[in-house]
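Here the structure is laid out as structure tokens; the discussion comes afterwards.
The values are calculated or read from the model by the stated rules, or taken from the named source; none is laboratory data. Values in this document were obtained by computation on a predicted structure and should not be read as measured data. Neighbour counts are summed over all protein chains in view; Cβ atoms, including those assigned to glycine, are modelled from backbone coordinates with ideal geometry. The area values use the complete protein model at the heavy-atom level, side chains included, leaving out ligands, DNA and RNA. Shrake-Rupley method; radii C 1.70, N 1.55, O 1.52, S 1.80 Å.
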Amino acid sequence: MTSTISSNHTVRPISSGEGGSVLRSRRLLRFQNYDALRLTAEHIIPEVIGGRLRSDFLCKPCNNTLGTTTDSRLKSDPQIRKAAPGLREALPGLLEAIENGAAYVGRSGYGEFLGSIKNGSFRPRPLKPGDGSLMLANPEAREAIVQMLKKQGRDSEIPAALERFDGAPVNERIEIASGIEIIEGQTEGIGPALEGGGSVPDAWPLKTAYEFLALCMGRAIYEPTFDPFRQVLRTGKWNEEAVTVERLQSEHLAPTHGLLLEKNDPHARVQVRLFRRICYRVHFRRIAVSGNRWLYHQDLAKPSEVIAIHEPEQTGTS
């Protein structure tokens, strides 16, 4: 059974606020003891991928929980990491924010090894190859040599050992102190480590689509018909009978994000699009929404945001 919810009498405009557009409303997920909990501003499309549209729909506990379980995983999503380098010229700062701390694979004459980007530089992770040696990035390796010699009471050997360390030729085994040998490896190339990064959970596009519905529908979002979707977000237990998420992809890549309330087919559908290429279509299977079809478009390369009617309501349709 599908319930039809009217939206055209409760649509609210959004107003420009510092750092993006803000819509102020009531609490969306928990309803008890409302007055005792202050609502906190959050980005509907997370700021870590350039989102500007904000709302104060969530109390701090809900905002923190959903931020930890859903929003934070966007940076490691393989599709987002694949898309980001193609936007380097248009969005250099955003690419840096996405890649900072992200996992990479380094390549050298001794094979591949994992590492991460820290402040724009690749840093290998500590690795024990299994032959009694230890692979470390240069700063950590220098400190390990100092601590090793100190532990053995060989403090006087530290300056000479570090001098040999700093002057070590590439890819050649040398002894820097008695019993301590090193090989100065050369990183020949790096690439994103995509296999270990899990895709963003379906709860994220559901949360984003649900909040966009709230922007479009105003107080109608508090109808009991929406309880199954709120239950999924509160508990993390997915309900295929109530909601499903399609994952789609376009060939086109652009520095834009978008949200769209689509036509009922036969139920309500909201499209969440990132960098134009990555698309999630969220199916709210137990409801149909009448009224105008609203869209939100953000240009990440410019201070430009638009919320508009994509398609006016047609009399006699839902």
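Quick look at the values:
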| quantity | calculated |
| --- | --- |
| Pick from segment 150-188, criterion among the basic types (Lys, Arg) and surrounded by 14 or more Cβ atoms within 10 Å (Cβ to Cβ), ranking: farthest from the chain's Cα centre (by Cα) | Arg154 |
| Residue within segment 289-302 that is surrounded by fewer than 20 Cβ atoms within 10 Å (Cβ to Cβ), within 12 Å of Pro205 (Cα to Cα) and modelled with pLDDT of 90 or more present | no |
| Residues within segment 249-272 that are open to solvent by less than 70 Å² (accessible area, probe 1.4 Å) and part of a strand (DSSP E or B), tallied | 11 |
| Check on Phe165, closer than 30 Å to Val282 by Cα and of a type in the set (Phe, Trp, Tyr) | no |
| Members of segment 189-248 that are among the β-branched types (Val, Ile, Thr), open to solvent by 30 Å² or more (accessible area, probe 1.4 Å) and in a helix (DSSP H, G or I) | Thr225, Thr235 |
